[in-house]
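Asker: Pasting a structure below so you can have a look.
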Amino acid sequence: MFPRNPVDAFATAGLIGKRECQPAAAQQQQKHSMSSVLQFSVILLWFASLRRSGLCLDLAAISLPQWLAFLLLACYGQSLNVGIFQAIGHDGVYYGFKLGKVIPWVNGWPFDSVSHPQYVGSVLTVWGLVALVWGQAPAAALGIMAGFWTLVYVVTAVQEQYL
């Protein structure tokens, strides 16, 4: 079920339906995509459970500033996430250096814009989504969810930086 390479095994943990016949690059992208889909599926299910209308957003109730905040935060956040995969690859993103993989040292994009670009990108995307649905879900619940994700990424960044 799990690959022999520890980095691939770590990245595959919890994922179902790995396809051996795909090229390695396609498998790597599929793992990342599936992980993201699983993370956001949990958020969507949680959001649906808070509302009588389920996942149906009232798009007319989303203001122009909300759309702009969402687009700015989510697009920049996702550009950081894409940049990190392009810069250090799959092994770098999935802690390959801790498992004996040689990871290239990168000083360019996205490392020249922010510290811990993967975590900053994820947090910006979360807050962009919060901005988009603000007013359509309980504010306290949105704040707790986004605050929790932010805290998890901050703790992880501190651990990587200092431990």
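The values are calculated or read from the model by the stated rules, or taken from the named source; none is laboratory data. None of the values given here were measured: they were computed from a predicted structure. Counting neighbours? That spans all protein chains shown, and the Cβs are built from the backbone with ideal geometry, glycine included. Calculation scope for accessible area: heavy atoms of the full protein, side chains included, ligands and nucleic acids excluded. Shrake-Rupley method; radii C 1.70, N 1.55, O 1.52, S 1.80 Å.
Asker: Normalised by the residues of segment 58-162, what does the relative contact order come to in percent, with Cα pairs under 8 Å and at least six apart? Walk me through the intermediate numbers first.
Answerer: Values: 95 pairs, mean separation 37.9, N = 105.
Relative CO of segment 58-162 lands at 36 percent.
Asker: Hey, got the Cα dimensions of segment 58-162 along the principal axes, in Å, largest first?
Answerer: Ordered largest first, segment 58-162 gives principal extents of 50, 23, 19 Å.
Asker: Please compute the length gained on full extension between A60 and A157, using 0.36 nm multiplied by the number of residues separating them and subtracting their Cα-Cα distance. It would help to have the intermediate numbers written out before the result.
Answerer: Details: separation 97, 0.36 × 97 = 34.92 nm, distance 3.76 nm.
My answer for the length gained is 31.2 nm.
Asker: Suppose accessible area is computed on protein heavy atoms with a 1.4 Å probe; arrange H90, H116 from highest to lowest.
Answerer: Output order, biggest surface exposure first: H116, H90.
Asker: Restricting everything to alpha-carbon atoms, can you work out Rg to Rh for segment 113-163 with a Kirkwood hydrodynamic radius? Can you show the working numbers first?
Answerer: On the way: Rg = 12.3 Å, Rh = 11.6 Å.
Result for segment 113-163 is an Rg/Rh of 1.06.
Asker: For W67, what accessible surface area do you get with a 1.4 Å probe? Give it in Å², rounded to 10.
Answerer: That residue has around 90 Å² of solvent-accessible surface.
Asker: Using a 1.4 Å probe on the protein chains only, how many percent of the accessible area of segment 58-162 belongs to carbon and sulfur?
Answerer: Values: 4160 of 5900 Å².
Reported share for carbon and sulfur atoms: 71 percent.
Asker: Using a 1.4 Å probe, how large is the accessible area of F111, given in Å² and rounded to the nearest 10?
Answerer: Solvent-accessible area, nearest 10 Å²: 80 Å².
Asker: If D91, D112, D58 are ordered by their accessible area, calculated over protein heavy atoms with a 1.4 Å probe, which sequence runs from highest to lowest?
Answerer: On the way: D91 45, D112 100, D58 80 Å².
Result of the area sort, largest leading: D112, D58, D91.
Asker: Same structure again: At 7 Å along the Cα-to-beta-carbon direction for both C75 and T150, put a label point, then send me their distance in nm to one decimal.
Answerer: Each label point is offset 7 Å from its Cα along the Cβ direction, giving 2.3 nm.
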